[in-house]
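Here the structure comes first, spelled out in structure tokens, and everything after it is commentary.
The values are calculated or read from the model by the stated rules, or taken from the named source; none is laboratory data. Quick caveat, the model's predicted, so the values are computed rather than measured. Here the Cβ positions follow ideal geometry from the backbone for every residue, glycine too, while neighbour counts run over all protein chains shown. Calculation scope for accessible area: heavy atoms of the full protein, side chains included, ligands and nucleic acids excluded. Shrake-Rupley method; radii C 1.70, N 1.55, O 1.52, S 1.80 Å.
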Amino acid sequence: MSTRARQYDAQVLRRTPVSDHLVRLVLGGPGLAGFKSTGVPDEWVGLVVPGQFQSRYYTVRSWQDGELTVDVVIHDVGLVTEWATRDCLGDTVVLTEPKGSFAMTAEAGWLILVGDLTAMPAMARITDTVDVPTRVWAEVPDELGDYLPEGTKVHWLQTPDNGGSRLASVVEGIDWPQGQGYFWMAGESAQMRAIRKHLMREVRLPSTAYDVMGYWRAGGVRQPRAVDPGPIWRAGKAAGKSDEEIWADYDRARDG
Ligand SMILES: Cc1cc2nc3c(=O)[nH]c(=O)nc-3n(C[C@H](O)[C@H](O)[C@H](O)COP(=O)(O)OP(=O)(O)OC[C@H]3O[C@@H](n4cnc5c(N)ncnc54)[C@H](O)[C@@H]3O)c2cc1C
């Protein structure tokens, strides 16, 4: 049996700017007929754009009536960035099977979400689906007032001028709620590594109570390669690893 993850062809049906740095792409077409959402609200797919072989990873903002929506952040440079900035309507892209890692337990009485612009699609979809009191810290370069569901308690933070992130120090200042809950965070990898240490050593959250993912690496040049989180995720789960161990493996694979 082949261990290759299934792939799907899809066409860009609609392209709508959401803000200066965010573009919404709605993908569809007969090639998506067999696509099945995992239902996990931070699920992502690999995306290969025309003329490229490398994937980049994007959250499934929604999957409805045969249409899959992704919200793509426009960086200064980048493989998908350059493609999504152009008129890509009608282009055929390749998607990989979705995978998700958000794993809040039924006992969780609160949820904290922290992320930058790349994490907004996942934070919006998670907030859409959970019903525990939720607080969000969002570090974004644009005004995105109505991106999250109405009524969401959100602390808006401005992305630093150098395009980096200060999310690690933000999390170090959080006043943690009492009782069991769940913490989800995604953004720049070095910040995420610092936060895993902080959660383990200072906050002492059990590893089942958080999920902290490096979504991109600061650098200033196009990434030499992107590593698919899917196989690392599957192998880690099969080996009984925690989310935290799996995302640390993923960081190591990208650094190697
Ligand atoms: C599981 C997962 C889910 C993700 N979901 C989304 C999503 O829904 N929407 C989304 O836009 N991204 C998402 N990302 C992040 C996205 O895959 C990366 O940002 C990717 O590098 C963008 O590809 P690119 O081809 O545009 O730029 P690349 O060619 O990969 O990188 C070009 C340059 O841009 C820089 N760069 C990359 N990302 C950022 C950033 N966020 N801020 C500043 N500089 C950056 C790099 O350091 C590099 O210098 C997700 C990543 C993962 C792992």
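So what is the 222 nm mean residue ellipticity for the chain from helices alone, if each DSSP H run of at least 4 adds -39500 (n - 2.57) and you divide by all residues, rounding to the nearest 500 deg cm²/dmol?
Only helices count here, giving -6500 deg cm²/dmol.
Determine, from the Cβ-Cβ distance of Val203 and Asp131 and an R0 of 22 Å, the FRET efficiency 1/(1 + (r/R0)^6), rounded to the nearest 0.05.
0.40
Would you kindly compute the Cα radius of gyration of segment 1-129 and its largest Cα-Cα separation (Dmax), both in Å?
According to the Cα coordinates of segment 1-129, Rg and Dmax are 14.9, 47 Å.
In whole Hz and in residue order, list the ³J(HN,Hα) couplings for segment 127-141 that follow from phi through the Karplus curve 6.51 cos²θ - 1.76 cosθ + 1.60, θ = phi - 60°; x for Gly and Pro.
Values per residue, Gly and Pro as x: 4, 4, 9, 9, 10, 9, x, 10, 10, 10, 10, 10, 9, 9, x Hz.
With 10 Å bins from zero, work out the P(r) of segment 48-97 over every alpha carbon pair and list the percent per bin.
21, 61, 17, 1
What are the residues whose amide H is under 5 Å from the amide H of Asp91, where those residues sit 5 or more places off or on another chain and H is modelled from the backbone?
Val12
Starting from the Cα coordinates of the chain, work out the convex hull volume and express it per residue in Å³.
137
Given a 1.4 Å probe, how much area per residue of segment 75-215 is accessible, in Å²?
Ligands and nucleic acids excluded, the figure is 46 Å² per residue.
Name the residue from His198, Gly163, Trp176 whose Cα lies farthest towards the positive end of the charge dipole of segment 141-208, charges +1 on Cβ of Lys and Arg and -1 on Cβ of Asp and Glu.
His198
Could you rank the peptides 117-130, 199-212 by their average count of other C-beta atoms within 10 Å per residue, with the highest value first?
117-130, 199-212
Gain in length, Thr105 to Glu82, computed as 0.36 nm per residue apart minus the alpha-carbon separation, to one decimal in nm?
Once the chain is fully extended between Thr105 and Glu82, it gains 4.4 nm.
I'd like the carbon and sulfur percentage of the solvent accessible area for segment 6-58, probe radius 1.4 Å, heavy atoms only, ligands and nucleic acids excluded.
52
If you take every residue apart from Trp156 with its C-beta less than 14 Å away from the C-beta of Trp156, what net charge results, scoring Lys and Arg +1 and Asp and Glu -1?
-2
Using only the alpha-carbon atoms, how far is helix 189-198 inclined from the longest principal axis of the chain? Give it as 0 to 90 degrees, nearest 10.
20
If Lys and Arg each add +1 and Asp and Glu each add -1, what is the summed charge of the other residues whose beta carbon sits under 13 Å from the beta carbon of Lys197?
With Lys, Arg at +1 and Asp, Glu at -1, the net is 0.
Hey, rough spin-label estimate for Thr16 and Gln180, points 7 angstrom out along Cα→Cβ, what's it come to in nanometres?
Output for this residue pair reads 3.9 nm.
Could you pull out the chymotrypsin sites (Phe, Trp or Tyr not before Pro) across segment 1-81 that fall in loop regions by DSSP (anything but H, G, I, E, B) with no more than 11 other Cβ atoms inside 10 Å?
Phe53
What is segment 82-198's relative contact order, in percent, from Cα pairs under 8 angstrom and six or more apart in sequence?
Averaging sequence separation for qualifying contacts and normalising by length gives 31 percent for segment 82-198.
Taking amide H positions as placed 1.01 Å from N in the peptide plane, with prolines and chain starts having none, which residues 5 or more places from Val18, or on another chain, fall under 5 Å of its amide H?
Placed amide hydrogens put Val23, Arg24 under 5 Å from Val18.
May I ask you to derive the FRET efficiency for Asp146 and Ser37 from their Cβ-Cβ distance with R0 = 22 Å, giving the value to the nearest 0.05?
About 0.35, to the nearest 0.05.
Between Gln54 and Ala190, what is the label-to-label distance in nm when each label sits 7 Å out along the Cα-to-Cβ direction?
Result for the modelled spin labels: 1.9 nm.
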